[in-house]
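Here is the structure we will look at.
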Amino acid sequence: MNLQIDLEFIAAEALNRADDYDAFRYFVELDERTDAELDTLVEKIAAPIIAAIDCKQCANCCRSLDVYLTEADAERLAAGSFIPIEQLLNDTIDRDRAAANEEWGVFRHKPCQFLNGTLCSVYEHRPESCRMYPVFTPDFRWTLEEVLGGVGLCPIIYHTIEQLQRELGW
Ligand code: SF4
Ligand code: SF4
């Protein structure tokens, strides 16, 4: 599978097609498949795309997104990276900004301060949200607006939505 991973191209395409994605969201809401069937279809489409795209050559999510983390994430990161938890809380994690979104913590810096080129320097100890991204399921139908928030920045999301549109006859 040879997929376009040019980030400028994908960002421009997503911008051009903002209205199309909005309409597609309503189309998906009305699709006759059950939520579980739709989730299964999306996972089937996303799996080979995830396998085909090398995140180590991209890292756009690490440059662009707010990274939320739990207390357990912070403790694991501190232990694994040998950065004292107090230092992480002072320099790296913003508790106040996270609280406004009912989260425990969020990295202060964008791009992420642990990003080294396109590689994560704390890969083994990274927060759960980094491990999970991008998230398509469960409840793809009802989280599609959130998923589409990343369509212009994440090649995996972009190609999964493209392929899904073809599969659903959009
Ligand atoms: S911790 Fe690693 S994976 Fe997570 S945003 Fe930072 S560089 Fe990316
Ligand atoms: S998850 Fe998406 S944005 Fe992040 S590195 Fe992989 S392809 Fe790029």
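The values are calculated or read from the model by the stated rules, or taken from the named source; none is laboratory data. Keep in mind it's a predicted model, so treat the numbers as computed, not measured. Positions of Cβ are generated from backbone atoms using ideal geometry, with glycine treated the same way; all protein chains shown enter the neighbour counts. When the accessible area is computed, the model is the full protein with side chains, heavy atoms only, and any ligands, DNA or RNA have been set aside. Shrake-Rupley method; radii C 1.70, N 1.55, O 1.52, S 1.80 Å.
Grab the helices (runs of 4 or more DSSP H) fully contained in the stretch 106-170, keeping just those with 2 or more residues being hydroxyl-bearing (S, T, Y) and farther than 26 Å from N90 by Cβ.
155-167
So which residues in the stretch 79-110 are loosely packed, with under 14 Cβ neighbours inside 10 Å and either over 23 Å from P134 (Cβ atoms) or in contact with a Lys or Arg (Cβ under 6 Å, 6 or more places away or on another chain) (or both), if there are any at all?
A79, G80, F82, P84, E86, Q87, N90, D91, R95, D96, A99, A100
Which of the following residues is free of Cβ contacts under 8 Å to residues at least 60 places away in the same chain and closer than 22 Å to H125 by Cβ: T92, T40?
Just one listed residue meets the conditions, T92.
Could you list, in sequence order, the residues of the stretch 66-78 that are open to solvent by 50 Å² or more (accessible area, probe 1.4 Å) and either under 14 Å from the mean Cα position of the chain (by Cα) or within 14 Å of ligand 1 (Cβ to nearest atom) (or both)?
Passing the criteria: D66, Y68, T70, R76.
May I ask you to say which residue of I45, I53 is out of contact with any Ser or Thr (no Cβ under 6 Å at 6 or more places or on another chain), surrounded by 17 or more Cβ atoms within 10 Å (Cβ to Cβ) and modelled with pLDDT of 95 or more?
Just a single option satisfies the conditions, and that option is I53.
Being charged (D, E, K, R) and either open to solvent by less than 80 Å² (accessible area, probe 1.4 Å) or in the same structural domain as D54 (by TED's automatic domain parsing) (or both) is the filter here; which residues of the stretch 118-130 pass it?
If the condition is that a residue be charged (D, E, K, R) and either open to solvent by less than 80 Å² (accessible area, probe 1.4 Å) or in the same structural domain as D54 (by TED's automatic domain parsing) (or both), then R126 is the only one that fits.
Those residues that are away from ligand 1 (no atom under 16 Å from the Cβ) and closer than 17 Å to D39 by Cβ, I need them from the stretch 142-156; list them, please.
Result: W142, T143, L144, E145, E146, V147, L148.
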